[in-house]
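See structure below.
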Amino acid sequence: MKTELKKLIVAAVIGSQFVRGSLAQDSTSTNAAQVQIPAYAADGAGGNTAEAAEIKALKQEVEALVQKVNALEAERAPAQQSATIQDLDQKVRILSRERENDQEAAAAFAKTQPKISIGSSGFSFASADSNFVAQLHGLVQLDSRTFFEDGGNNGNDGFLLRRARPIFTGTVFHDFDFNFTPDFGGSVVQIQDAFVNYRYNPAIQLQAGKFKSPVGLEQLQSDPYTSFNERSLANDLVPNRDLGIAFKGDVFNGAVSYTLGLFNGAPDYNGTTTNSSFQDDKAFAGRLFAQPWKNSDLGGLRGLGFGIGGSYEASHPNTNSATGLTPGYTSDGQQKFFTYSSGVNASGAAWRVSPQAYYYYGPFGLLAEYVVSDQEVKKAAASTDLQNTAWEVSGSWVLTGEDASYNGVTPLHPFSPHNGQWGAWQVVARYAALDVDNKAFTGSVFADPTKSASGAGAWSIGLNWYLNKNIRANLSFSHTEFDGFTGKAAPGVVPAQAENALFSRVQLSF
Amino acid sequence: MKIILSIILATSLAAAAGAKEIKLLNVSYDPTRELYTEYNAAFAKYWQAKTGDSVTISQSHGGSGKQAQAVINGLEADVVTLALAYDIDAISQQAKLLPADWQKRLPNNSTPYTSTIVFLVRKGNPKKIKDWDDVVKKGVTVVVANPKTSGGARWAYLAAYAYALETYGHDDAKAKDFITKLYKNVPVLDSGARGATVTFAQRDIGDVLLAWENEAHLALKEFGADKFEIVTPPLSILAEPPVSVVDKNAKRHHTTEVATEYLKYLYSDEGQEIAAKNFYRPRNEDIAKKYADNFSQLKLVTVDQEFGGWANAQKTHFADGGVFDQIFQPQ
């Protein structure tokens, strides 16, 4: 390239000499040598000494010019290259800086944007600073119950929508959590939970509204995670959801949790809860639960938790239209096997105590609780203090090796038959018993032994299939025997014969 | 029971009477990090000696406009120390967190120190940049932040514009042409003054940085006087970065008293000296004389003189569709 350039320059220089020569022919200030060049060049053959000298001189001049051009090129090229390199370097730096700024701006912008997430834990919408969060969860349970050897009269065989709950939870102004959970399952639409919880810090929280009364261990276990379709007989003696206000918190990094609240006061378990008070007196309920090794390195003890729950209500007026008593104790098949006689009211103090514990280690799980429910009752002039008791022990084993826990099982290999994955499988077993104070039946004043049993004992076994974190299927069988019933085995009388029930469930929870 | 209540009451009173631990948040603009790091320590010491209370001041820095917007959006500043009054006005007008006449509450329009815009060039000043005319020459690469988000960049823009107005007999068309040429030389706009310094000093981009005077000195200190030099143009703008308590936030945090004193102390001898040491021009004349060597003499024009105040300058030049939007074309 350079050689070509030089040739061009030389040609141009020579050409210019010719031009100068021809121009000189017309010039008045004649240059003799230049004038003769075209003549010589035209001859093309030899020439005299003067012409040769002239040519030599011209050659020298051309060579000198070429050298000058070379020198100039050599001088200019690095400078030009350097300028180009500097220019390119700046451009690269600018682009790089722009990219840096764009990334910073994008990161800053992302921080200001609301976050939306959808996953196995539900739908979540959060403000950029996480001060406001709204979450939508859901729980749907489609059950079937089949009763055997019941003469076709007790318990309806069939499907039922046990629970159908959209669950709205969230946080406003960072520290205020809320929960609103209606239930469209069963035959009555009711509000299960509706509360606001203020978190000063994890150890100091104040919750107000309608929520589970802090007494029973199994009752406090979240609905999607219970071992069986229905909670045990022990659950008959603890309160369900109640309206009130409670201080609660987790201390020592969650190793100890406490709740102490003031509530309207709820009778022994009633599946249908109210949204107002039915009497003037109020109840205290509280629970203290410890998992001392929760944060320790002692793997064998990390899953051990134990505690005590209880409630106390000073006096219950027997003049109220509401009895203040349970509408009835129910079997695993949700059939009433004990009810108080007509005209019996709660009257005076009522208290409950429930020592409770669970233990989870690897795939093994064990849950146990004991409940005493003491209630003064009155019917007309007769009154007495009744102390009903119940207990349960349930065990579980995850066949596929996942960890069992109070908060369910998460399958390691979610159901995907195409990939040879079958989810998690768990076997469960339980025994529970409930004993009604015999004084209830004295003289058949408070309860009628021809209509109610004075106790029940039930064993259950089951198989739970966790297809994934959201879908679960259960199959279980319960056998319940009733004590103290003296009535006839007439159709429709529940405790007249043992209850044998097969349960199944398909559950969606997120 | 009475004994228990007495003990609780006595304990509560004793606790109330004890020393308090106070926390303040100062939301400031980009180049004041070093100033307030030093000042906060001095104030905390002063306040503890005076009241026995310990005060911890957190700092937040960014482009002044962005910082104001953050406070409007809920950043709970107890005090704001921003690059220009317009940004604090925006907090007052849009979020109603402080009264409209906030600037009257402290001396010198609540501006305890001033500054100006100078040129930071590479050592030896290879492009021979001496005045604003040199900055708009073809082939000169200028680094400056985005005036939409940076207070310092707005001051720099107005300084250049003011120079053009002074030079071309207040011919607005010529001034607009001048500023157009200037921003044609700007290859990248950072969101804040500190970002622009990084672009120039650390990323080695450009021939000249239009910088806060204190930021230029800091760059020399930080990166070495063997790499850069400061060129003070004959004319620039008097930059007045104001300060204010954010009343509603401070009230909610129960920090009104300490926040007010925090800003008042900027006018004290110690506060002024710290400002001067950090290359902010102090209001106190004695301290200004003491640190005269830190500051070059130049003609300083004000926003009021040249642009009819900040509100007008903002509306004309920096609001959406304003002069800056008209003249700046991203490269």
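The values are calculated or read from the model by the stated rules, or taken from the named source; none is laboratory data. As the structure is a prediction and not an experimental result, all values here were calculated from the model. Every residue, glycine among them, receives a Cβ derived from its backbone with ideal geometry; neighbour counts consider all protein chains shown. Heads up: the accessible areas ignore ligands, DNA and RNA and are worked out on the full protein's heavy atoms, side chains in. Shrake-Rupley method; radii C 1.70, N 1.55, O 1.52, S 1.80 Å.
The residues of the range B:78-92 that are of a type outside the set (D, E, K, R) and either more than 23 Å from residue B:61 (Cβ to Cβ) or within 17 Å of the chain's Cα centre (by Cα) (or both), listed by number, are B:79, B:80, B:81, B:82, B:83, B:84, B:85, B:86, B:88, B:90, B:91. Residue B:53 meets all of the listed conditions (1) under 25 Å from residue B:155 (Cα atoms); (2) acidic (Asp, Glu); (3) modelled with pLDDT under 95 but one, namely (1).
Conditions tested, residue by residue: (1) touching a Pro at 6+ places or on another chain (Cβ under 7 Å); (2) buried (at least 16 other Cβ atoms within 10 Å of the Cβ); (3) aromatic (Phe, Trp, Tyr).
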| residue | (1), (2), (3) |
| --- | --- |
| A:411 | no, yes, no |
| A:418 | no, no, no |
| A:433 | no, yes, no |
| A:440 | no, yes, no |
| A:466 | yes, yes, yes |
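Of all the listed residues (A:400, A:326, A:339), the sole one being open to solvent by less than 20 Å² (accessible area, probe 1.4 Å), in contact with a Pro (Cβ under 8 Å, 6 or more places away or on another chain) and hydroxyl-bearing (Ser, Thr, Tyr) is A:326. Every condition in (1) surrounded by 13 or more Cβ atoms within 10 Å (Cβ to Cβ); (2) within 14 Å of chain B (Cβ to nearest Cβ); (3) under 30 Å from residue B:73 (Cβ atoms) is met by residue A:135 except one, and the failing one is (2). In this structure, does residue A:463 turn out to be aliphatic (A, V, I, L, M), farther than 24 Å from residue A:376 by Cα and touching a residue at least 24 places away in the same chain (Cβ under 8 Å)? Yes, satisfied. Among all positions in the range A:445-452, there is no residue which is in contact with a strand residue (DSSP E or B) (Cβ under 7 Å, 6 or more places away or on another chain), open to solvent by 40 Å² or more (accessible area, probe 1.4 Å) and hydroxyl-bearing (Ser, Thr, Tyr). Per the conditions (1) at pLDDT below 95; (2) part of a strand (DSSP E or B), the sole criterion not satisfied by residue B:195 is (2).
Take the range A:424-443 and flag every residue that is closer than 18 Å to residue A:373 by Cα and aliphatic (A, V, I, L, M).
A:432, A:433, A:434, A:436, A:440
Surrounded by 13 or more Cβ atoms within 10 Å (Cβ to Cβ), charged (D, E, K, R) and within 14 Å of chain B (Cβ to nearest Cβ): does that describe residue A:73? No, not satisfied. Listed by position, the helices (runs of 4 or more DSSP H) enclosed by the range B:73-161 include none that has at least 1 residues that are surrounded by fewer than 20 Cβ atoms within 10 Å (Cβ to Cβ) and within 14 Å of chain A (Cβ to nearest Cβ). Here the range A:93-131 is the region considered, the condition is being within 13 Å of another protein chain (Cβ to nearest Cβ) and basic (Lys, Arg), and the residue that is farthest from residue B:146 (Cα to Cα) is A:111.
A Cβ distance below 8 Å, combined with a sequence gap of six or more or placement on separate chains, defines the contacts here; from the range B:277-288, residues that are farther than 12 Å from residue B:267 by Cα and aliphatic (A, V, I, L, M) reach residues that are open to solvent by 30 Å² or more (accessible area, probe 1.4 Å) and at pLDDT 95 or above in the pairs B:288/B:281. The residues in the range B:188-225 that are open to solvent by 10 Å² or more (accessible area, probe 1.4 Å), within 22 Å of residue B:114 (Cα to Cα) and away from chain A (no Cβ under 14 Å) can be counted, and the count is 6. If the condition is being under 30 Å from residue A:412 (Cα atoms) and charged (D, E, K, R), then the range A:427-466 contributes only A:430.
Let's see how each residue does on (1) more than 17 Å from residue B:239 (Cβ to Cβ); (2) modelled with pLDDT of 95 or more; (3) touching an Asp or Glu at 6+ places or on another chain (Cβ under 6 Å):
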{"site": "B:84", "(1), (2), (3)": "no, no, no"}
{"site": "B:88", "(1), (2), (3)": "no, yes, no"}
{"site": "B:102", "(1), (2), (3)": "yes, yes, no"}
{"site": "B:111", "(1), (2), (3)": "no, yes, yes"}
{"site": "B:132", "(1), (2), (3)": "no, yes, no"}
{"site": "B:138", "(1), (2), (3)": "yes, no, no"}
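Which one of these is closer than 28 Å to residue B:313 by Cα, open to solvent by less than 60 Å² (accessible area, probe 1.4 Å) and touching a Ser or Thr at 6+ places or on another chain (Cβ under 8 Å): B:245, B:231, B:303? On inspection, the qualifying residue turns out to be B:245. Among the residues in the range B:179-187, are any part of a helix (DSSP H, G or I), modelled with pLDDT of 95 or more, closer than 19 Å to residue B:303 by Cα and more than 10 Å from every other protein chain (Cβ to nearest Cβ)? Within the range B:179-187, one or more residues are part of a helix (DSSP H, G or I), modelled with pLDDT of 95 or more, closer than 19 Å to residue B:303 by Cα and more than 10 Å from every other protein chain (Cβ to nearest Cβ).
Hey, which of the strands (runs of 3 or more DSSP E) in the range A:81-186, taking only ones fully inside, have at least 3 residues that are farther than 30 Å from residue A:202 by Cβ?
Per the criteria, A:133-148, A:158-172.
Only one entry in B:59, B:69 is part of a helix (DSSP H, G or I), out of contact with any Asp or Glu (no Cβ under 6 Å at 6 or more places or on another chain) and open to solvent by 10 Å² or more (accessible area, probe 1.4 Å), namely B:69. In this structure, residue A:170 does not satisfy being more than 11 Å from chain B (Cβ to nearest Cβ) and either hydroxyl-bearing (Ser, Thr, Tyr) or loosely packed, with under 13 Cβ neighbours inside 10 Å (or both).
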